[in-house]
Structures are given as structure tokens and as C-alpha cells.
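Data block below; observations after.
The values are calculated or read from the model by the stated rules, or taken from the named source; none is laboratory data. Fair warning: this is a prediction, and the values are worked out from it, not measured in the lab. Note: ideal-geometry Cβ built from the backbone for every residue, glycine included; neighbour counts use all protein chains shown. Keep in mind that these areas ignore ligands, DNA and RNA; they rest on the heavy atoms of the full protein, side chains included. Shrake-Rupley method; radii C 1.70, N 1.55, O 1.52, S 1.80 Å.
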Amino acid sequence: QVQLVESGGGLVQVGGSLRLSCAASGRTFSITRMGWFRQAPGKERSFVSSISWGGSSTRYTDSVKGRFTISRDSTTVTLQMNSLKPEDTAVYYCAADLNGLGYNSWGQGTQVTVSS
């Protein structure tokens, strides 16, 4: 099993920045990819960004390209979020793809609120 703990959410004004972190522990050798997802009120959870455990491959949803940057340092994955918009408001979840079987380990979520 892999345990994931997110941190770094909060309240920020439009155009501001936040850095989310996700610390992984446990059987981290089984991780193939780490991702960030978000869920806004009344909406389904959606993909934001992901990074291969080796760090060489990153992916972003179109709406955050050029504003968000995902990175990994040891067992912590960071999502740097710049130029935040009200539509970025959501609960952000960190997830781990274990053994290439899909995102099957999730963190508890952290709230990001962007005020206009």
C-alpha cells in the first residue's frame, strides 16, 4: 500500500500562486505515475496533471498548461500553480498509479479557493 498526504491548499486571489505537495510513503517502489486531480462543487473529479515516477514524462489538462508545473523530488510530488483563476477553485487530490494498473491510491484532498 501507498499512503499519500497532500498539503499546501488555501485561499488566494485571482492571479496569485499556490504550491501543492503530495508526500508518498509505504510501498513507493510500486508507483509508476503520480497525478493531481480536482473536483469543483457539483462537478465530477477531473484530471489536472501527472508525472512519471522517473520524472521524465509530464502531462497537463489544456486549461492549466503554461500556468501549472508538476515536479517530483524523492517521494514528494509538487504542483506549482501560478496565475490562478476562479475556475481553479476545487478540492485537489493527489493519486498514485501503482504497478501501471491505474490511479488506485488517493490522498485526502486539499481545498484551493481562488477569489475574484
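In what order, largest first, do D62, D88 sit by accessible area if the probe radius is 1.4 Å?
D62, D88
The range 78-99 and the range 27-60 have Cα centres lying 8 Å from one another.
Between F29 and S116, what is the FRET efficiency for a Förster distance of 35 Å, r being their Cβ-Cβ separation, to the nearest 0.05?
The formula returns an efficiency of 0.20 here.
Our summary gives the chain a relative contact order of 36 percent, counting only alpha carbon pairs under 8 angstrom and 6 or more residues apart.
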